[in-house]
Amino acid sequence: MKVETILCMNTGDGESSYANNSLVQELATRRVLPILRYAIKGIANQDILFKDECFKIADMGCSSGKNTLLVVSSIIDIVYEMYTKNNREAPAFQVCLNDLYGNDFNHLFKLMPDFYAKIRKGKKENFGPCFVSAVPGSFYTRLFPEQSLHIVYSSYSVQWLSQVPQGLGENKLNLYITKTSPPKVIQAYQQQFHWDFTTFLKMRSKEIVPGGKMVLAFPARSINDPTSDDCCSLWELLAQSLLDMAKKGLVQQSDIMSFNMPFYYPCEGEVRKLIKNQGSFSLDKLNVFQVNWDPYDTDYTSIKDSSESSYIHGKNAARIIRAVAEPFLKSHFGSSMIKELFEKYEEHLAKHLVNKKTRHFTIAISMTKKVNNIDIVGLCDLECDMASAD
Ligand SMILES: C[S@@+](CC[C@H](N)C(=O)[O-])C[C@H]1O[C@@H](n2cnc3c(N)ncnc32)[C@H](O)[C@@H]1O
């Protein structure tokens, strides 16, 4: 099943909206900002930054909410700073916000006046202009002209697959990989991710200028084992909540059997290998970090929650997952049981956190588009060697 016409995050700015329940992704984005700075500095060092009069940025899987504009305004600030430092006239900016067709672009557009005011703040009269546009479509296809982008950013999006993998019939009542999933199921998920991630790299390699950058952050797993708790537990607990619904007659067991989530949490080794095998980008930096399931919980020392706090943490963690998974769940199970499903989920999450404080694990990477398929870092070394030989 293709997901591009079904998938979206909860729209609007209501209680269950993605816009109001994306603190996990915001915290991840804040951790990625130093990597973005590093990447843009890299472009400046290659002089690519100063070649064109318009600096072109794309955010792939931007969704709707302030995370999108936080990233874009940070990129603009850093680029502007690099130009000023180098005594150059600031460029125009073109910002392309990509997501699937069901994304709430209208909500994003309403945030534009504040965004335009924010990016102008503290800058000289000659700043800009900045042209923002929406680019609806799947990032597993071509979305931009050849060699037209200077930097591509994507956060918490490339884990979403282009389709639910085929051959998951034996995954029984599970929604994703679990310790009981047969190897066939794990392979199906892995193959789909490998195909999709490679396609994503191929598409972007055509669209990014040589020497341009791509910065990606996505949920992942901390160890090689694809049944690792940090990628599976959240979804095992959601599967248990669906089974509770089935026991009450609110969901058919057969509907759970035929349902699987279209995402995959890779490990570091897999990501490194896929980038190397695809061949268009050189990997400059790879960082990993964790965010608590309840992003309002700032305790990173405990390995369990106390029973009093676990109730709150369960509630907050469930809201984050609901904002992301509700439309996809509704498309399969209908909407009547959603509220009760997530109440059950809060309980399961709270119980889990009393015993074990599992966290979201994130991989953040910065890559450079190779020049004529040659590693640009290698190319610079060569130029330096030739200069010193002269
Ligand atoms: C969890 S949200 C992340 C949003 C935002 N980048 C952030 O960090 O808050 C993931 C987004 O990726 C989008 N997405 C998933 N698959 C996609 C695809 N193939 N093409 C474009 N967008 C996609 C989803 O629609 C969703 O809006």
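Coordinate-derived values only; no laboratory data. Note that the structure is a prediction, hence the values are computed from the model and not measured. Positions of Cβ are backbone-derived with ideal geometry, glycine not excepted, and every protein chain shown enters the neighbour counts.
In the chain, which longest range has no GluC sites (Glu not before Pro) that are both DSSP loop (not H, G, I, E or B) and surrounded by at most 14 other Cβ atoms within 10 Å?
147-390
Which pairs break 22 Å Cα to Cα here: Lys304/Lys351; Lys66/Lys206; Lys56/Lys276; Lys51/Lys370; Lys110/Lys206?
Where the Cα-Cα span goes over 22 Å, the pairs concerned are Lys66/Lys206; Lys56/Lys276; Lys110/Lys206.
Please return the longest range in the chain lying between exposed loop sites, taking chymotrypsin sites (Phe, Trp or Tyr not before Pro), DSSP loop only, at most 15 other beta-carbon atoms within 10 Å, and leaving the sites out.
102-295
Any idea what % of Cα-Cα pairs in the chain are farther than 34 Å?
Tail of P(r) above 34 Å: 30 percent of Cα pairs.
Given only helices, namely DSSP H runs of n ≥ 4 each adding -39500 (n - 2.57), what is the per-residue ellipticity at 222 nm of the chain, to the nearest 500 deg cm²/dmol?
Calculated from helices alone, the mean residue ellipticity at 222 nm is -15000 deg cm²/dmol.
May I ask what percent, to the nearest 5, of DSSP beta bridges between residues of the chain are antiparallel?
Counting only bridges with both partners in the chain, antiparallel ones make up about 50 percent.
With a Förster radius of 22 Å, plug the Cβ-Cβ distance of Asn45 and Lys285 into 1/(1 + (r/R0)^6) and report the FRET value to the nearest 0.05.
That gives a FRET efficiency of 0.95.
Count charges around Leu161 for me, please; just the other residues with Cβ under 13 Å from its Cβ, Lys/Arg as +1, Asp/Glu as -1.
-1
With +1 on each Lys and Arg Cβ and -1 on each Asp and Glu Cβ, how big is the dipole of the chain about its Cα centre, in debye rounded to the nearest 20?
Using only the charged Cβ atoms, the result is roughly 100 debye.
Could you pull out which residues in region 246-264 have an amide N less than 14 Å from a spot 7 Å beyond the Cα of Ser336, following the Cα-Cβ vector?
Under 14 Å, as judged by backbone N against the label point of Ser336, lie 246, 248-252 of region 246-264.
Which one of Asp77, Asp229, Asp52 has the biggest mean-square fluctuation once the chain is modelled by GNM with Cα springs under 10 Å?
Asp52
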